[in-house]
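The next block holds one structure in the form of structure tokens; read it before the comments.
The values are calculated or read from the model by the stated rules, or taken from the named source; none is laboratory data. As the structure is a prediction and not an experimental result, all values here were calculated from the model. With ideal geometry, Cβ positions are generated from the backbone for all residues, glycine too; neighbour counts draw on all protein chains shown.
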Amino acid sequence: MLTRAVTALRLLSLSTMTSHWDVVALVSAASAASSGDGGGGTTSSTSSTTSSSMSSSRILRRSGDYNLLEVVPHDTSSFTQGLAYFDGHVYEGTGMEGRSYVMKHDPTDNMRTLHRVPLMPSHLFGEGISHYRVWTTDERSGRGHWEDRLIQLTYTSGVGRIYSLPDMVRLGEFEYGTSTGEGWGITYVPHTNEFYVSDGSEYLMVWDADTLMEKRRITVTFEAVPGSGKSSRIRYVNELEFVDYAIVNCDDVDDTTTPAVGGGGEGTDDDARCEDEGTTCADESIPPFSPSMAILANLWYQDVLVSINPVSGVINKVYDMRDIYPKDQREEDGADCLNGITVTGRKRKSEEEGLEVWVTGKLWPNMYRIELSCDHI
């Protein structure tokens with residue numbers, strides 16, 4: 001009953017927001033833009049081009065914007081709010097009062113759950129999670145080293161949790177605020193040492209990873225006709241995952257290695273803020289993003305993944321996910337919406353390969369390893 005109540009409230013909110021794009025509009029506009037016809041493109045028109053640019057040796061099924069590589073079981077009682085990857089394992093954060101957990105899964109063993117930690121106290125409603133690293137100094141030896149951690153948001157309580165990795169011991173908690181007062185998704189950007197945070201609005205809040213203070217705010221927009229100058233703000237940005245579509249041209253790359261990260265560096269301003277709320281503000285201290293870097297996001301109750309420019313907030317790719325677990329089948333099974341993205345640890349090594357990610361949804365029976373088209377890079 002609680003799940004249905006939450007869904008009903010959010011659907012009511014969704015129906016009142018006229019600025020929200022539905023999946024058909026997003027996919028149709030994105031397809032038209034990619035085909036250059038200004039509106040005559042269809043989702044099927046992308047199938048032959050995007051699929052041909054991805055590896056064919058491991059594919060279970062082709063779709064227009066992605067290839068399906070693997071299907072593994074997923075607990076249908078898990079109200080998935082976020083996924084994260086670290087050291088060969090997939091971590092999952094779930095929601096609902098009394099049913100919020102952080103879990104550790106083994107993707108090499110049919111996504112078997114190895115460890116489960118409840119969110120306490122039990123009235124808290126868990127939201128997004130992300131792996132990140134911090135530089136700490138041993139008090140006795142004075143030597144510094146990296147420590148891996150997991151951060152977790154909550155829905156409306158304004159508090160978050162920090163856990164150690166890989167043992168998932170709770171280390172502490174923190175308070176935070178967002179534009180809506182809610183926490184939805186979170187992802188870590190290593191080279192800037194920042195978190196990108198969503199709250200169901202059109203904004204991405206950018207936090208300093210050391211202080212957990214907001215530095216700036218980015219507006220997520222979509223231009224249906226490139227070059228027209230007419231953009232729509234896209235609301236209900238949900239689960240987030242920082243990705244790099246770049247090809248790694250190195251034969252001895254370890255796919256399970258976590259990339260090195262750096263701190264803010266000299267000259268950073270922990271108190272940087274946007275003077276004009278609701279607009280993207282430049283911060284000259286931010287290390288540059290390469291063109292291959294993006295924020296992948298779910299849009300709440302939309303069967304799409306969107307690739308967002310981490311500086312401008314512009315959506316530069318819409319992935320049509322309607323056929324991965326069709327809506328009519330979800331309704332019959334009692335499952336909820338698409339929600340949950342994480343990298344798999346495997347890097348692109350050729351033009352023929354796409355970007356590998358795991359995706360799932362709330363109360364879904366399966367988790368899917370897919371290969372996303374990189375034709376927009």
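Applying the selection to region 308-324, what residues are assigned to a strand (DSSP E or B) and hydroxyl-bearing (Ser, Thr, Tyr)? So that I can check it myself, show each step before the final result.
Step one: of region 308-324, the residues assigned to a strand (DSSP E or B) are 308, 314-320.
Within region 308-324, just 319 meets the criteria.
I need every pair where a residue in region 351-377 that is buried (at least 19 other Cβ atoms within 10 Å of the Cβ) has its Cβ under 7 Å from the Cβ of a residue that is of a type in the set (Lys, Arg) and in a loop (DSSP other than H, G, I, E, B), sequence separation at least 6 or different chains.
So the pair list comes out as 356/346.
If you scan region 344-377, which residues turn out to be under 27 Å from residue 93 (Cβ atoms) and among the small types (Gly, Ala, Ser)?
345, 354, 361
Using the structure shown, decide if residue 346 is in a loop (DSSP other than H, G, I, E, B) and among the basic types (Lys, Arg). Walk me through how you get there before you give the answer.
Working: in a loop (DSSP other than H, G, I, E, B): yes; among the basic types (Lys, Arg): yes.
The answer is yes for residue 346.
From the set of residues in region 324-346 that are within 19 Å of residue 307 (Cβ to Cβ) and in contact (Cβ under 8 Å) with a residue 60 or more places away in the chain, which is surrounded by the most Cβ atoms within 10 Å (Cβ to Cβ)?
340
Being farther than 16 Å from residue 195 by Cβ, at pLDDT below 95, assigned to a strand (DSSP E or B) and in contact with a strand residue (DSSP E or B) (Cβ under 7 Å, 6 or more places away or on another chain) narrows it down to one residue among 117, 90; which is it?
Values: 90 fails: at pLDDT below 95.
From the options 117, 90, the qualifying one is 117.
Would region 331-338 turn up any residue that is assigned to a strand (DSSP E or B) and either under 17 Å from the mean Cα position of the chain (by Cα) or modelled with pLDDT under 95 (or both)?
Within region 331-338, the first condition is being assigned to a strand (DSSP E or B), and the residues that meet it are 338.
With the extra rule that they be either under 17 Å from the mean Cα position of the chain (by Cα) or modelled with pLDDT under 95 (or both), the set shrinks to 338.
Yes; the residues of region 331-338 include at least one that is assigned to a strand (DSSP E or B) and either under 17 Å from the mean Cα position of the chain (by Cα) or modelled with pLDDT under 95 (or both).
Having 3 or more residues that are more than 19 Å from residue 311 (Cβ to Cβ) is the bar; report the strands (runs of 3 or more DSSP E) wholly within region 136-254 that clear it. Please lay out each step first, then the result.
Details: elements: 144-154, 159-164, 170-175, 186-189, 194-198, 203-208, 214-219, 237-244.
Hits in region 136-254: 144-154, 159-164, 170-175.
Take the residues in region 349-373 that are within 20 Å of residue 152 (Cα to Cα) and in a loop (DSSP other than H, G, I, E, B), then tell me which one is farthest from the chain's Cα centre (by Cα).
Among those residues, the one meeting the criterion is 363.
Run residue 239 past the list (1) out of contact with any helix residue (DSSP H, G or I) (no Cβ under 9 Å at 6 or more places or on another chain); (2) touching a residue at least 24 places away in the same chain (Cβ under 8 Å); (3) more than 23 Å from residue 318 (Cβ to Cβ) and report the number of the one that doesn't hold.
(3)
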